[in-house]
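Everything on this sheet refers to the single structure shown next.
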Amino acid sequence: MNLAEMSIKEIRDLLEKMDEVPKDFLQLLKEDKRKGVHDLVRQMEQAKARQEKLACQWEEMTTFERSLRAEGYEHLLGIDEVGRGPLAGPVVAAAVCLPPDFYLPGLNDSKKLPAATREAFYEVIASKAVAVGIGIVSAERIDEINILEATKEAMKLAIADASLAPDACLIDAVQLKDLPYRQLPIIGGDGKSVSIAAASVVAKVTRDRIMAKYAETYPQYGFEKNAGYGTAEHLAALERCGSTPIHRRTFTGVKAQA
């Protein structure tokens, strides 16, 4: 192979077909005098560094799962919720059981992921998970029992909806009473456990879709953009139009209008 006779496009096409670039070929690329070839080498090395960083992150975020499986726990449910803070809409929890060989580099706390990435990850998780459960608790119920108890209720509903008796539950920060499974509450768990991170993504996408549907009924509040959180636009709409049946009275201090 005479590298000097190849165009930069031909070299790029060749590199894209390689799973791994041989060291001797990489050395030839580095010795090439063309700037375009040097740019390809830099891009390739940057991509490799990103993949290595993501692989290292994945190793760290599977620590709890590997430890539990080493103890003989097979079916692990990651559990997380979304929607404690909004002024409107439900709190949504998800319970996700991932297969042992699951690998989705970049999976993290849903709040740290761009919306497009969350949507893409949601589809992967939904298609490859052993089990997925969803728990939804309404604004009305939140007003009845408070947001912490509503969060716990949503988590229990998600576990029941998963239709799988787990060997252990990895839960983001919360301890659930009367749960007949081993629990591992992890503070900041959606950034420390892939199972909880997966539940975070499923819960977030599910709730965002719910709020987007509510936006069709109540367009003035911008729910498709703010998901019920107290943005300036949302607060202005509350002042102008009053609250809706999906607003939380205990959060807004305003009685819902029919």
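Sequence gap at least 6, Cα distance under 8 Å: using those rules, report the relative contact order of segment 106-241 to the nearest whole percent. Walk me through the numbers on the way to the answer.
Working: 146 pairs, mean separation 29.8, N = 136.
In percent, rounded to a whole number, it is 22.
Work from the charge dipole of the chain (Cβ charges, +1 for Lys and Arg, -1 for Asp and Glu, about the Cα centre) and give the residue of Ile8, Tyr181, Val21 farthest towards its positive end.
Ile8
Any idea of the accessible area per residue across segment 1-51, 1.4 Å probe, to the nearest Å²?
Numbers: 4020 Å² over 51 residues.
Per-residue value: 79 Å².
Taking the Cα atoms only, what angle lies between the long axis of helix 8-17 and the longest principal axis of the chain, rounded to 10 degrees?
It is inclined by approximately 60 degrees.
May I ask for the angle, rounded to the nearest 10°, between helix 115-128 and the longest principal axis of the chain, with both axes built from Cα atoms and the value confined to 0 to 90°?
90 degrees
Could you give log10 I(q)/I(0) at q = 0.11, 0.13, 0.18 Å⁻¹ for segment 1-113, computed by the Debye formula over C-alpha point scatterers of equal weight, without solvent?
Reported log10 I(q)/I(0), two decimals: -0.62, -0.73, -0.95.
Could you tell me which of rounded, prolate or oblate describes segment 192-258, using a ≥ b ≥ c as the square roots of the eigenvalues of the alpha-carbon gyration tensor, with rounded for a/c under 1.5 and, failing that, prolate when a/b is larger than b/c and oblate otherwise?
Values: a/c = 2.50, a/b = 2.09, b/c = 1.20.
The shape class here is prolate.
Roughly how many percent of the accessible protein surface of the chain is carbon and sulfur, given a 1.4 Å probe and a whole-percent answer? Each step should come with its number before you reach the end.
Values: 7250 of 13700 Å².
Carbon and sulfur atoms account for 53 percent of the accessible area of the chain.
Compare Val202, Val21, Val124 in a GNM of the chain, Cα atoms joined below 10 Å, and give the one with the largest fluctuation.
Looking only at Val202, Val21, Val124, the biggest GNM fluctuation is shown by Val21.
Mind checking the dipole of segment 87-232: about its Cα centre, +1 per Lys or Arg Cβ, -1 per Asp or Glu Cβ, Debye to the nearest 20?
Working: 15 positive and 17 negative charges, 54 e Å.
That gives a dipole near 260 debye.
What order do Ile145, Ile125 take when sorted by accessible area (1.4 Å probe), most exposed first?
Working: Ile145 40, Ile125 0 Å².
Order by accessible area, largest first: Ile145, Ile125.
Explain nothing, just the number: relative contact order of the chain, from Cα pairs under 8 Å at least 6 residues apart, as a whole percent.
Once divided by the residue count of the chain, the mean separation gives 22 percent.
Of the options Ala227, Gly36, Ile159, report the single residue whose Cα projects farthest towards the positive end of the charge dipole of the chain (beta-carbon charges: Lys, Arg +1; Asp, Glu -1).
Going by the Cα projections, it comes out as Ala227.
At q = 0.21, 0.25 Å⁻¹, what log₁₀ I(q)/I(0) does a Debye calculation on the Cα points of segment 112-212 give, no solvent, two decimals?
For the requested q values the scattering log ratios are -1.27, -1.57.
Looking at Val194, Thr244, Phe102, which one has the Cα that reaches farthest to the positive end of the dipole of the chain (charges on Cβ: Lys, Arg +1; Asp, Glu -1)?
Ranked along the dipole, the leading option is Thr244.
Just the accessible area per residue of segment 84-143, please: how many Å² with a 1.4 Å probe?
Working: 2490 Å² over 60 residues.
With all protein chains present, segment 84-143 gives 42 Å² per residue.
Can you tell me the orientation of helix 147-161 relative to the chain, as the angle in degrees between its alpha-carbon axis and the longest Cα principal axis, to the nearest 10?
For 147-161 against the chain, the angle is about 60 degrees.
Ordering Leu148, Leu68, Leu54 by accessible area with a probe of 1.4 Å, largest first, what comes out?
Largest accessible area first, the residues go Leu148, Leu54, Leu68.
Can you give the helix-only mean residue ellipticity at 222 nm for the chain, where every DSSP H stretch with n ≥ 4 adds -39500 (n - 2.57) and the sum goes over all residues, rounded to the nearest 500 deg cm²/dmol? Write out the running numbers ahead of the final one.
Working: 11 runs with 132 residues, N = 258.
Taken over the chain, the calculation gives -16000 deg cm²/dmol.
Specify which labelled value, from (i) 58, 42, 33; (ii) 76, 51, 26; (iii) 43, 39, 38, agrees with Cα extents along the principal axes in Å derived from the coordinates of the model shown.
(ii)
Would you look at the GNM of the chain, springs on alpha carbons closer than 10 Å, and say which of Ala49, Ala115, Ala173 moves the most?
Answer for the Gaussian network model of the chain: Ala49.
For the pairs Lys128/Lys192; Lys128/Lys152; Lys112/Lys204; Lys53/Lys112, note any where the Cα-Cα span goes beyond 22 Å.
Details: Lys128/Lys192 20 Å; Lys128/Lys152 26 Å; Lys112/Lys204 11 Å; Lys53/Lys112 16 Å.
Pairs exceeding 22 Å: Lys128/Lys152.
Could you tell me the extents of segment 52-152's C-alpha atoms along the three principal axes, largest first, rounded to whole Å?
Each principal axis gives a Cα extent; for segment 52-152 these are 45, 33, 23 Å.
What lysines could a cross-link reach from Lys48, if we take a straight Cα to Cα line under 18 Å and drop same-chain neighbours fewer than 8 places away?
Within reach: Lys17, Lys23, Lys30.
The values are calculated or read from the model by the stated rules, or taken from the named source; none is laboratory data. These figures come from a predicted structure and were not determined experimentally. Here the Cβ is made from the backbone with ideal geometry for all residues, glycine too, and neighbour counts use every protein chain on show. SASA here: full protein model, heavy atoms, side chains in, ligands and nucleic acids out. Shrake-Rupley method; radii C 1.70, N 1.55, O 1.52, S 1.80 Å.
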